[in-house]
Amino acid sequence: MRRLLVLPVLIAVSMGVELPQDGPVPQENPRLETAQDSTPLPEPRPDNTTRTGDMPATHGTATSAMPEPKPADKKTASDLPTISRPKPDEVALARCEAELRKLGAVFTREDPVEDENGCGIEAPYRIDRITSGVALSPASQLRCATALALARWTDTVVIPAAVALPGKVRLTGINHGSTYVCRLRNNLPTGKMSEHSIGNAIDIADFEFEGRQPIGISPRQGDGDIEEAFQRAIRGGACLHFTTVLGPGSDTSHASHLHLDIAKRRGGYRLCQ
Ligand SMILES: [Zn+2]
């Protein structure tokens, strides 16, 4: 009896047919991708990098994001993967600045940032007010396109959500955990460089209002209160403006903030979890 079962298997293997191991063969489904396993890209260009990982509480350098290495086994910049800074396009930047001004943003274009491994921003912007009456704190370093996505999200999603809160509530500030920082995704010692490394990402920590207490990003699944409703609304709307949205529930490193970035992917795919 056993021989009868073995024979077809041998025939299948000799024909190059892949046999299932245990259970059904998994199918590729981009919607099931995890943050660490996002869509591969067609070309290794800066704007084509997949999403990134997350939030150090402060700005830093590639080495500051790494675990403390042993002296004998210290990683040098050349041990880390590289990423390419997008080249500045002055026409696009002028258009972007005009759009930011229209939304009431207050910003300063700063000197280029150039770090090792391709990290940096050719045209970094410090945003003091992201839209009229809404401060962005602490100091930020973002590409203009990232700042514009943030301004549009604030204007069309966050401000209306704040207005819908009970009472007479107005959004006055957004606090972030990090913008530009040269490091790997999720602060891991190996892997790909984060979108934070080229100014494409921001980690949103909490919101301040006139007329009520601040609302911080936290795991709120099932709380059934107005704060959960607010967080769901602003997180859902973020995917209209950003191509990566990660937060509580995505993985353990995003439990207390929303990671938003403008990474470009094949086919315009958005990774919103
Ligand atoms: Zn992040």
inquiry  = When you scan segment 189-204, do you find a residue that is within 16 Å of the ligand (Cβ to nearest atom) and either farther than 30 Å from VAL113 by Cα or without any contact (Cβ under 8 Å) to a residue 60 or more places away in the chain (or both), even just one?
reply    = yes
ask   = Within segment 243-254, can one find any residue that is aliphatic (A, V, I, L, M), in contact with a helix residue (DSSP H, G or I) (Cβ under 7 Å, 6 or more places away or on another chain) and buried (at least 23 other Cβ atoms within 10 Å of the Cβ)?
value = yes
key: Top-ranked residue in segment 222-253 [being in a loop (DSSP other than H, G, I, E, B) and hydrophobic (A, V, I, L, M, F, W, C); ranked as farthest from the ligand (Cβ to nearest atom)]   = LEU240
query = Pick from segment 161-178 the residues that are under 14 Å from GLY133 (Cβ atoms) and without any contact (Cβ under 8 Å) to a residue 40 or more places away in the chain: which of them is nearest to the ligand (Cβ to nearest atom)?
reply = GLY173
query = Which pairs have Cβ atoms under 7 Å, sit 6 or more apart or on different chains, and link a residue in segment 213-241 that is within 20 Å of HIS176 (Cα to Cα) to one that is among the basic types (Lys, Arg) and assigned to a loop (DSSP other than H, G, I, E, B)?
reply = GLU227/ARG220; GLU228/ARG220; GLN231/ARG220; CYS239/ARG270
query = Any idea which of (1) assigned to a loop (DSSP other than H, G, I, E, B); (2) under 16 Å from the mean Cα position of the chain (by Cα); (3) more than 30 Å from LYS87 (Cα to Cα) is the one PRO219 doesn't satisfy?
reply = (2)
query = Out of curiosity, is ARG183 within 16 Å of the ligand (Cβ to nearest atom) and closer than 24 Å to ALA105 by Cβ?
reply = no
request  = Give the residues of segment 254-269 that are away from the ligand (no atom under 11 Å from the Cβ) and either part of a strand (DSSP E or B) or closer than 23 Å to ARG220 by Cα (or both), sorted by residue number.
outcome  = ALA255, SER256
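For every residue, the table says whether it meets (1) crowded, with 17+ Cβ neighbours inside 10 Å; (2) on the phi < 0 side of the Ramachandran plot; (3) in a helix (DSSP H, G or I); (4) in contact with a Pro (Cβ under 6 Å, 6 or more places away or on another chain).
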| position | (1), (2), (3), (4) |
| --- | --- |
| CYS96 | yes, yes, yes, no |
| LEU100 | yes, yes, yes, no |
| PHE107 | yes, yes, no, no |
| ASP111 | no, yes, no, no |
| ASN117 | yes, no, yes, no |
| ARG126 | no, yes, no, no |
| ARG129 | yes, yes, no, no |
| LEU136 | yes, yes, no, no |
| SER140 | yes, yes, no, no |
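Readers should treat all values here as calculations from the given coordinates under stated rules, not as data from a laboratory. Note that the structure is a prediction, hence the values are computed from the model and not measured. FYI the Cβ positions are ideal-geometry reconstructions off the backbone, even for glycines, and counts take in every protein chain you see.
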